[in-house]
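Novice: What follows is a structure written as structure tokens; I'll ask about it next.
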Amino acid sequence: MSTELLAPRLRRARPSPTAAISDQVRALTAAGQDVINLGEGELDFETPAHIKQAGVDAIVQGDTKYTAVSGTAALKNAIIAKFGRENGLHYAPEEVIAGSGAKQLIFNALLATVAAGDEVIIPAPYWVSYPDMVALAEGESRLVPCAEDRGWKLRPADLAAAIGAKTRWLILNSPNNPTGAVYSRAELQELAAVLLDHPRVLVMADDIYEHICHAPGEFATLAQVEPRLRDRVLTVNGVSKGYSMTGWRLGYAGGPAWLVAAMQILQSQSTSNPSSISQAATVAALEQGLDFMDDWMATLARRRAIIMDCVNAIDGLDAAEPPGAFYVFANCSGIIGKKTPAGATLASDGDVAAYLLDAAHVATLQGSAFGASPYLRIAYAIDDRRLIEACERITRACRALR
Ligand SMILES: Cc1ncc(COP(=O)(O)O)c(C=O)c1O
């Protein structure tokens, strides 16, 4: 059988490059290589013990059956309380939904609203999955480049110029993957001013890195900053990053009831409720506070300093300190054109990432996967000792270039 049997919509989507690098690392590790993975989009911290215990308790208590598709009443109440407490957003139960990761909610929101030919504005660099999700929904991505020297943020004038008759959505991700950029309240206000002139444009606020923000109090979200947009903003969040729960697969969103209802229909006909056990653990996560976060952020700040020192000491690599998330998006233009010891020319950021994997056994991701070249996304949320070792290996491999 061949790919001719695939639906056209699938031919437009690529497999996730982040999943591909993880597969490559697993294969090399299985073959006995000592690979250090700076490609993975997750924290290395354990899920906090009280959250794990809530999951165990759910299993022991027999909390192991189907639940309401959009989440248990207990989880919805915890989500509503979280949005109110942390974001000043007040939702009714029919305005919130839990799913199997923020990823599923973003996908379902797009699938529910994007028709063939509709456009989705995606500021670049972007999280790898957005354009492919838009393609699967048979829409068109309108990529809007954001400049490194403007902190990688979307300018209001560029947003205004990108909006047209076919625009369905703007996707705004702050703190940002891959750049770590964080939009201030004032910057969101300026974007909101543009959006107020375009009442048919929906906005996806992807806040999954909300808690991974180095500047205390800097995080803000669009629906909070401009309440007049509330009825067309889908605020997406989850426990993957903030609580180190990537494997539990639990995300949630708040937005207009009509959109949440449509997402619920898609979910009810595909995956149904997110895992009952993960839901119970998420209630504990959302209700019992973020006491561990100061320690986590101190650890991440230390690691960020390690990787920043390494990047900026290497001739040909350069990056500004990212205020959020746990990635450094390093400009590698000074390396492009150099030759490896084997005589190959590094012609693109993909070549640089492949060289680092091959020569240094360090996995990173090429900026082209995120819509900006030539850059490397370096995820630094790994053990300090391994991170230092990775830095030494990258430095040695870059020194060997001619
Ligand atoms: C920007 C962004 N949004 C959404 C997600 C998906 O998170 P989840 O694990 O909740 O599906 C990720 C995960 O890497 C991400 O980086």
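The values are calculated or read from the model by the stated rules, or taken from the named source; none is laboratory data. Computed from a prediction, not measured in an experiment: that's the story for all the values here. Because the Cβ atoms are built from the backbone with ideal geometry, glycine has one as well, and the counts that use them run over all protein chains shown.
Novice: Can you name every residue in segment 83-103 that is within 14 Å of the ligand (Cβ to nearest atom) and either surrounded by fewer than 22 Cβ atoms within 10 Å (Cβ to Cβ) or in a loop (DSSP other than H, G, I, E, B) (or both)?
Specialist: Those that are within 14 Å of the ligand (Cβ to nearest atom) and either surrounded by fewer than 22 Cβ atoms within 10 Å (Cβ to Cβ) or in a loop (DSSP other than H, G, I, E, B) (or both): Ser100, Gly101, Lys103.
Residue by residue, here is whether (1) touching a strand residue (DSSP E or B) at 6+ places or on another chain (Cβ under 7 Å); (2) under 26 Å from His211 (Cβ atoms); (3) part of a loop (DSSP other than H, G, I, E, B) holds:
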residue	(1), (2), (3)
Glu138	no, no, yes
Lys153	no, yes, yes
Asp158	yes, no, no
Ala161	no, no, no
Trp169	yes, yes, no
Leu172	yes, yes, no
Pro178	yes, yes, yes
Ala186	no, yes, no
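One line per residue, one yes/no per condition, for (1) touching a helix residue (DSSP H, G or I) at 6+ places or on another chain (Cβ under 7 Å); (2) closer than 30 Å to Pro274 by Cα; (3) of a type in the set (S, T, N, Q):
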{"residue": "Leu196", "(1), (2), (3)": "yes, no, no"}
{"residue": "Arg200", "(1), (2), (3)": "no, no, no"}
{"residue": "Ile208", "(1), (2), (3)": "yes, yes, no"}
{"residue": "Ala215", "(1), (2), (3)": "no, no, no"}
{"residue": "Phe219", "(1), (2), (3)": "no, yes, no"}
{"residue": "Pro227", "(1), (2), (3)": "no, yes, no"}
{"residue": "Arg230", "(1), (2), (3)": "yes, yes, no"}
{"residue": "Val233", "(1), (2), (3)": "yes, yes, no"}
{"residue": "Ser240", "(1), (2), (3)": "yes, yes, yes"}
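Novice: Among the numbered criteria (1) more than 16 Å from the ligand (Cβ to nearest atom); (2) assigned to a loop (DSSP other than H, G, I, E, B); (3) buried (at least 21 other Cβ atoms within 10 Å of the Cβ), which one does Pro322 miss?
Specialist: Pro322 satisfies all of (1) more than 16 Å from the ligand (Cβ to nearest atom); (2) assigned to a loop (DSSP other than H, G, I, E, B); (3) buried (at least 21 other Cβ atoms within 10 Å of the Cβ) except (1).
Novice: Same structure again: Take the residues of segment 216-230 that are at pLDDT 95 or above and over 12 Å from Leu89 (Cβ atoms): which is surrounded by the most Cβ atoms within 10 Å (Cβ to Cβ)? Talk me through it step by step, then tell me what you get.
Specialist: Looking only at segment 216-230, we keep the residues that are at pLDDT 95 or above, and these are 219-230.
Cutting the leftovers down to over 12 Å from Leu89 (Cβ atoms) gives us 219, 228.
Values: Phe219: 23, Arg228: 11.
Only one residue tops the list, namely Phe219.
Novice: List pairs: first residue in segment 215-242 and without any contact (Cβ under 8 Å) to a residue 12 or more places away in the chain and not assigned by TED's automatic domain parsing to the domain that holds Ala192, second residue β-branched (Val, Ile, Thr) and more than 14 Å from the ligand (Cβ to nearest atom) anywhere in the structure, Cβ distance under 8 angstrom, at least six positions apart or on different chains.
Specialist: Cβ pairs passing all conditions: none.
Novice: Turning to a different aspect of this structure: Filter segment 55-82 for residues that are surrounded by fewer than 20 Cβ atoms within 10 Å (Cβ to Cβ), among the hydrophobic types (A, V, I, L, M, F, W, C) and not in a loop (DSSP other than H, G, I, E, B) and give the result.
Specialist: Val56, Ile59, Val60, Ala73, Ala74, Ala81 - these are the residues of segment 55-82 that are surrounded by fewer than 20 Cβ atoms within 10 Å (Cβ to Cβ), among the hydrophobic types (A, V, I, L, M, F, W, C) and not in a loop (DSSP other than H, G, I, E, B).
Novice: Taking interchain pairs and intrachain pairs at least six residues apart, which have beta carbon atoms under 7 angstrom, with the first residue in segment 53-74 and among the hydrophobic types (A, V, I, L, M, F, W, C) and the second assigned to a loop (DSSP other than H, G, I, E, B)?
Specialist: Ala68/Asn273; Val69/Ser272; Val69/Asn273
Novice: Looking at this structure, is Asp351 away from the ligand (no atom under 16 Å from the Cβ), without any contact (Cβ under 8 Å) to a residue 24 or more places away in the chain and buried (at least 16 other Cβ atoms within 10 Å of the Cβ)? Steps first, please.
Specialist: Numbers: away from the ligand (no atom under 16 Å from the Cβ): yes; without any contact (Cβ under 8 Å) to a residue 24 or more places away in the chain: yes; buried (at least 16 other Cβ atoms within 10 Å of the Cβ): yes.
The answer is yes for Asp351.
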